[in-house]
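See below for the structure under consideration.
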Amino acid sequence: MDGTALARRVSERTAALAAKITERTGTAPCLATVLVGEDPASVTYVKMKQNRCAKAGITSRHVELPASTTTEELVAALTALSEDPEISGILLQHPVPHHIDERAAFEAIAPGKDVDGVTMHSFAAMGFGLPGFVSCTPGGIMRLLAEYDVDLTGKHAVVVGRSAILGKPAGMLLLEQNATVTYCHSRTVDLPSIVRQADVLVAAVGKAEFIRGEDIKPGAVVLDAGYNEGNVGDVHFESAAARASLITPVPGGVGPMTIAVLLEQTVQAAAAQAGLELADL
């Protein structure tokens, strides 16, 4: 499953919409990125997102805070961005330092600017199948499944991982498409036996090559949302690819689609804030 090619097409459509919004309003969509501390991987991710913004005609404002920032200070910064009419969407790069209450920080983001899909408002919208912003990685996974015409109705989807912004929302979005969903996690007993039942497998556990090919059901669709040291995912690619009907590589699979969904939702937020209907652009 070529996430890079699909992300390119999505980003081209996003750029066209951004240009139309800029023409209609005189102001380009703007994504605010907030980084706490100097984690090298987070710094790299933020720069990558800023570069993709520029290519899509989206301006960006970067807010860099020291690692010593308190929860209260971060909440105040995010609240100020939420109230700033020049900001279309807000991305808090995570994880934040351990002393910060990450959930409190996420909840300081206004729902209409939660283009990363991390607030309780967005989580509830995904759970109820209502309009709203999706968590970007699960959203990217669903776009890949749709692009490759994977019919989820009645399929057994197994999600390995239960984070609030990846595993849990991925399962909810799969359920909304009529899959039968099983969540697995660190306390799951006999994980391989459950993975072997998966028609669709989402790996989001954060352990390099944790899932091996011998545990993949022949013909299964495998979406690897992991990214670990050594440029490898949570699935052992070579052995899994020999059994799967479709599989996302790492890199070049889910990752590019995560950023593509982020930019797309930023433009959608800008349109909504300007009172524009996307269908009219």
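The values are calculated or read from the model by the stated rules, or taken from the named source; none is laboratory data. As the structure is a prediction and not an experimental result, all values here were calculated from the model. Positions of Cβ are backbone-derived with ideal geometry, glycine not excepted, and every protein chain shown enters the neighbour counts. Remember, those area values only see protein heavy atoms, side chains included, never the ligands or the DNA or RNA. Shrake-Rupley method; radii C 1.70, N 1.55, O 1.52, S 1.80 Å.
Quick rundown of the values:
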item: Test: Gly226 is closer than 19 Å to Met142 by Cβ, under 19 Å from the mean Cα position of the chain (by Cα) and assigned to a loop (DSSP other than H, G, I, E, B); result: yes
item: Condition broken by Glu229, with the remaining ones in (1) modelled with pLDDT of 95 or more; (2) over 26 Å from Ile109 (Cβ atoms); (3) out of contact with any Leu (no Cβ under 8 Å at 6 or more places or on another chain) satisfied; result: (1)
item: Helices (runs of 4 or more DSSP H) fully within the stretch 125-218 counting 3 or more residues that are touching a residue at least 12 places away in the same chain (Cβ under 8 Å) and open to solvent by less than 20 Å² (accessible area, probe 1.4 Å); result: 136-147, 167-176
item: Selection count, the stretch 15-50, where residues are modelled with pLDDT of 95 or more and either out of contact with any Ser or Thr (no Cβ under 7 Å at 6 or more places or on another chain) or of a type in the set (Gly, Ala, Ser) (or both); result: 17
item: Residue in the stretch 70-81 that is out of contact with any helix residue (DSSP H, G or I) (no Cβ under 6 Å at 6 or more places or on another chain), under 19 Å from Ala204 (Cα atoms) and modelled with pLDDT of 95 or more present; result: no
item: Test for Leu263: is it of a type outside the set (Ser, Thr, Tyr), over 20 Å from Lys47 (Cα atoms) and out of contact with any Phe, Trp or Tyr (no Cβ under 8 Å at 6 or more places or on another chain); result: no
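Residues are listed down the side, and each one gets a yes or a no for (1) of a type outside the set (A, V, I, L, M, F, W, C); (2) buried (at least 16 other Cβ atoms within 10 Å of the Cβ); (3) not in a loop (DSSP other than H, G, I, E, B):
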{"site": "Arg243", "(1), (2), (3)": "yes, yes, no"}
{"site": "Pro251", "(1), (2), (3)": "yes, no, no"}
{"site": "Ala260", "(1), (2), (3)": "no, yes, yes"}
{"site": "Leu263", "(1), (2), (3)": "no, yes, yes"}
{"site": "Val267", "(1), (2), (3)": "no, yes, yes"}
{"site": "Ala270", "(1), (2), (3)": "no, yes, yes"}
